[in-house]
1. So how many residues does the range 1-31 have that are of a type in the set (Asp, Glu), buried (at least 18 other Cβ atoms within 10 Å of the Cβ) and not in a loop (DSSP other than H, G, I, E, B)?
2. Among the residues of the range 140-157, count how many are surrounded by fewer than 18 Cβ atoms within 10 Å (Cβ to Cβ) and more than 16 Å from the ligand (Cβ to nearest atom).
3. Restricting the search to the range 100-124, which residues are more than 16 Å from the ligand (Cβ to nearest atom) and either open to solvent by 20 Å² or more (accessible area, probe 1.4 Å) or acidic (Asp, Glu) (or both)?
4. Condition first: within 13 Å of the ligand (Cβ to nearest atom) and either open to solvent by 40 Å² or more (accessible area, probe 1.4 Å) or assigned to a loop (DSSP other than H, G, I, E, B) (or both). Now tell me which residues in the range 125-139 satisfy that.
5. Considering each residue of the range 158-206, count those that are of a type in the set (A, V, I, L, M), open to solvent by less than 10 Å² (accessible area, probe 1.4 Å) and outside any loop (DSSP other than H, G, I, E, B), and give that number.
6. Going through Thr333, Thr296 one at a time, which residue ends up being β-branched (Val, Ile, Thr) and modelled with pLDDT under 95?
7. When you scan the range 32-96 for strands (runs of 3 or more DSSP E) that lie fully inside it, which ones turn up with 2 or more residues that are touching a helix residue (DSSP H, G or I) at 6+ places or on another chain (Cβ under 8 Å) and open to solvent by 10 Å² or more (accessible area, probe 1.4 Å)?
8. In the range 325-344, what count of residues is obtained for those that are acidic (Asp, Glu) and surrounded by 14 or more Cβ atoms within 10 Å (Cβ to Cβ)?
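The values are calculated or read from the model by the stated rules, or taken from the named source; none is laboratory data. Fair warning: this is a prediction, and the values are worked out from it, not measured in the lab. Here the Cβ is made from the backbone with ideal geometry for all residues, glycine too, and neighbour counts use every protein chain on show. These area figures cover heavy atoms from the full protein model, side chains too; ligands, DNA and RNA do not enter into them. Shrake-Rupley method; radii C 1.70, N 1.55, O 1.52, S 1.80 Å.
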Amino acid sequence: MLPPTLRSIIAEEVPGAIAFRRDLHMHPEIGYEEKRTADRIRGALDEAGVAHRGGLAGGTGTLASLPGDATHAVALRADIDALPITEAGCPAWKSTIPGRMHACGHDGHTAILVATARSLARYARHSTLPRPVTFVFQPAEEGGAGGRRMCEDGCLDGTVIGPRVERIYGLHGWTTLPLGTVATKPGPLFACSDRFEIVIHGEGSHAAFPQRSRDPVLAAAQVILALQSIVSRNVDPLDSAVVSATVVRAGDVMNVIPPTATIQGTARALLPDVRDLVEKRFGDVTRAAAAVHGCTADAQYIRGYPVTSNDPNEAARFDRLAKETLGEERVRTMDRPVMGGEDFSYYAERVPACFFALGLIPHGATSMPSLHHPAFDFNDDAIVTGVEMMCALALSA
Ligand code: NI
């Protein structure tokens, strides 16, 4: 249960958190450019007397710490970056920067973590926290692997600020869950997100004399079709994987067979074995399918974010605390993982972790714009639930 004094401190902090969120929304910054955002975070922490160190993960990461009784810390993490999207909605706090917007709600995540730090700092003036709390404000979740760089810079090791981190929690606003609810599951929650790049080398010719060519366009078509056999014929039907060719480029003249063609795409899986299998078959299938048409293929498979997997004990702790803090009826179980990626995985690889979903669908509505949609806007009414859960996790012995 959250102490009543902390609950009322949180209620007092929420209006400021909403104003903070809207200010970030008006001034979005993409991965590793979050200079103003980091300044605002440090300013809000300074006001509440929370110690911090900036300049991490390439410059825009911040680590903050509150002291507590135990030798190891509990960590709470927020991602702070925006996306290269032009906002289509028109809230009063609409993005002021064309081509930049908080379309994934990281403005909300940041506001929640800042309000959590401020609330716990105020609470700690009268009560000792059961363990030290580390606050991780990381840049570049959207493809930049800011989480990996925070870990490499020692944010969990006790070398930057505060003691070594023993476990970590994070959240994401969820556009298919109603406001006021939270959800998670033990085990895999998000897929790994890998990418691939293929260059097919053939021989160009006049398009009217294909017999003089080794056509990389035909080979590319064969490769794209063959790649779809990995999921349908190699992966166990009861496991999950995705192979999507998303960028295809070849030639620029109607009557010329070009010498090369390129394909890019993404691959996802929920289990390490399946990931290994997809990577191996990707190379074999690509080279063989290109060879059918006399072409060669440079097939590069580039591993991205690992699978985000919740520690079963930490997922159980979250479930228990959420039911105590919010009431049974506001806690859902996520029955399935999703094939999106999350760089929270880098923390979860190093210490026991739990990542949870925070409901955003407004009361009276049944849906809302999805994450990365140009009309998405984080629901400010979800901030209080996020702060309450983060505080409950921080206070759990
Ligand atoms: Ni996101």
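1. 1
2. Qualifying residue count for the region: 3.
3. Arg118, Arg122, Tyr123, Ala124
4. Within the range 125-139, just Pro139 meets the criteria.
5. 8
6. Being β-branched (Val, Ile, Thr) and modelled with pLDDT under 95 holds for just one of Thr333, Thr296, which is Thr333.
7. 51-56
8. Of the residues in that region, 2 qualify.
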